[in-house]
Amino acid sequence: MPHLPAQRLALRGDLLDFTGAPEWGATESPLVRYRPDHWLLIDSGRIVGAQPGAQTPDNTWAHHDHTGRIILPGFIDTHVHSPQLDVIASYGTELLDWLNTYTFPAEQRYADADEATAGAARFLDALLAHGTTSAMVFPTVHKVSADTLFAAAQSRGMRLITGKVLMDRHAPDGLRDDVAQAERDCLDLIQRWHGTDRLAYAVTVRFAPTSTPEQLAMAGALCQAHPGVYMQTHVAENREEVRWVRELFPEARSYLDVYARAGLLNERSVLAHGIWLDDVDRAALRDSGAQIAHCPSSNLFLGSGLFDWRTAEAACAAVSVASDVGGGTSLCQLKSLADAYKVQAMAGQRLTAWKALHAVTLGAAEALQLADEIGSLEPGRMADVCVWDWAVGPVAQRRLAVARDLHEKVFAWMTLGDERNLVATYVAGRHMQP
Ligand code: GUN
Ligand code: ZN
């Protein structure tokens with residue numbers, strides 16, 4: 001179990017964070033802040049400064065000496081499903097079959113409060129054990145799945161955004177709600193959890209096919225009535241799914257337009273995937289401020305397609321990187337980034353370590369409008385930080401030993417590293433893991 005926070009805590013190691021968004025392709029950038037061998041100073045759960053390793057803080061500070069290790073802001077996962085640890089690495093299907101064969105049966109179990117409670121704890125502990133300290137999460141359609149997740153995040157002091165999943169059609173028994181009950185459940189959850197400690201509510205539309213137009217309209221009205229809440233959903237992930245949406249919503253210009261018409265696109269909207277969007281959709285993202293959570297591990301695993309990150313960004317649509325477990329095969333955002341590199345390589349683009357790591361730290365924090373709280377090591381931010389070994393095992397150790405510059409070293413760490421490199425996770429200055 002986590003122990004009580006030291007009031008004043010100093011962590012020593014190689015500090016890495018970002019002060020802005022690095023350019024595409026630039027392996028050197030003034031927006032990368034690398035401070036080798038520094039103390040990171042934490043007081044009452046917040047970062048208060050940093051100083052060179054030779055200037056050891058006095059004994060009013062607890063010292064955690066991680067010399068020779070890399071320290072970053074805790075990663076932010078902008079799209080992940082808590083009940084899907086039970087279906088991660090399921091063989092042989094694309095999205096729609098995968099949902100019916102594996103995912104929906106697993107989610108049915110969360111109707112049970114004990115299952116939901118145990119699942120929430122297991123999921124959040126797993127996030128922390130993979131270096132992720134903040135997340136935007138899909139639980140299930142059951143109100144209790146959101147309630148228990150909020151409570152579990154609260155007891156860990158985590159920044160978490162979630163909401164009961166809305167789905168009132170095209171789902172099996174035990175996984176459908178109805179508009180009136182869903183609205184009551186959302187209102188109650190918003191009232192009890194939104195803005196409580198580090199928690200926020202997201203109106204959570206699973207995806208267009210599992211909501212009636214009436215439910216989408218209710219979700220849009222909730223967003224309008226509660227301007228501080230988030231909205232999360234899936235969009236244009238799989239070609240068969242896109243075809244189905246066209247059939248279900250013939251009046252809409254596109255899949256994204258289904259959400260636009262329901263009033264679901266605003267600067268707090270996070271839409272997973274967005275592989276099969278066009279220029280008009282990208283302009284709608286830009287104009288509304290809605291974000292794409294790019295999920296490379298999931299997109300490769302489910303054979304969904306290759307997301308064109310540069311084109312999205314050129315159209316001024318903001319992009320963060322997410323695991324989308326259980327479509328994705330790892331909760332570790334280093335693995336998401338290694339996959340993101342490969343997806344971009346298929347399009348002839350080079351994703352630098354800076355661009356990649358920014359997308360799961362400061363970039364994701366900005367996408368969630370939380371950059372004043374998380375995503376960097378700036379004084380005043382909450383002390384959500386992770387300590388990592390630079391290299392684990394002989395291959396990574398050798399690669400590191402021959403790295404010629406900082407980018408090469410960090411890129412090798414990002415590509416070869418995973419949760420086995422994680423040494424410690426701190427949430428608001430509290431040592432949580434391992
Ligand atoms: N689209 C609708 N539901 C899901 C889900 O659970 N995972 C993924 N990857 N896509 C979805
Ligand atoms: Zn998803």
Which value, in Å to one decimal place, does the Kirkwood hydrodynamic radius take for the stretch 38-152 when every pair of different Cα atoms is included? 17.1 Å
1/(1 + (r/R0)^6) with r = Cβ-Cβ of Asp37 and Ala118, R0 = 45 Å, i.e. FRET efficiency to nearest 0.05, evaluates to 0.60
Tell me, what ³J(HN,Hα) does each residue in the stretch 225-234 have, in order and in whole Hz, if you take phi through Karplus 6.51 cos²θ - 1.76 cosθ + 1.60 with θ = phi - 60° and put x for Gly and Pro? 6, 10, x, x, 7, 8, 9, 9, 6, 10
Which far-off residues, 5 or more places away or on another chain, put their amide H under 5 Å from the one on His142, with H placed in the peptide plane? Val165
Ordered by residue, what ³J(HN,Hα) values in Hz, to whole numbers, does the stretch 97-108 give under the Karplus form 6.51 cos²θ - 1.76 cosθ + 1.60, where θ = phi - 60° and Gly and Pro are x? 5, 4, 4, 6, 7, 10, 6, 4, x, 5, 6, 4
Could you size up the charge dipole of the chain around its Cα centre, putting +1 on the beta carbon of Lys and Arg and -1 on that of Asp and Glu, and report it in debye to the nearest 20? 900 debye
Mind listing the long-range amide H neighbours of Ser269? Cut-off is under 5 Å, sequence gap 5 or more, other chains count too, H placed in the peptide plane at 1.01 Å from N. Met231, Gln291
Here the FRET efficiency for Glu94 versus Asp279, based on Cβ atoms and R0 = 30 Å and rounded to 0.05, is 0.70
Approximate shape of the stretch 283-358 as ellipsoid semi-axes (Cα gyration tensor, √5λ), whole Å, largest first: 20, 14, 12
So who's got an amide H within less than 5 Å of the one on Thr329, skipping anything under 5 residues away but keeping other chains? H placed 1.01 Å off N, in plane. Ser298
As a footprinting exposure proxy, order Cys332, Cys295 by other Cβ within 10 Å, with the fewest listed first. Cys332, Cys295
For the stretch 215-325, what number results from the quotient of the Cα radius of gyration and 2.2 N^0.38 Å? 1.01
By what distance, in whole Å, do the Cα atoms of the stretch 146-187 stretch along each of the three principal axes, largest value first? 35, 21, 13
Applying 1/(1 + (r/R0)^6) with R0 = 30 Å to the Cβ-Cβ distance of Arg192 and Arg286, what FRET efficiency is obtained, to the nearest 0.05? 0.30
Contour minus Cα-Cα span, Ala62 to Arg184, at 0.36 nm per residue, comes to 39.2 nm
Using every pair of alpha-carbon atoms in the chain, split the distances into 20 Å bins beginning at 0 and state the percent of pairs per bin, rounded to integers. 28, 58, 14, 0
Scalar couplings 3J(HN,Hα) for the stretch 305-314 by Karplus 6.51 cos²θ - 1.76 cosθ + 1.60 (θ = phi - 60°), nearest whole Hz, x for Gly and Pro, are x, 10, 6, 8, 4, 5, 5, 4, 6, 4
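Since every read-out is calculated from the coordinates, none of them should be taken as a lab result. Model, not experiment: these values are computed from the prediction. Positions of Cβ are backbone-derived with ideal geometry, glycine not excepted, and every protein chain shown enters the neighbour counts.
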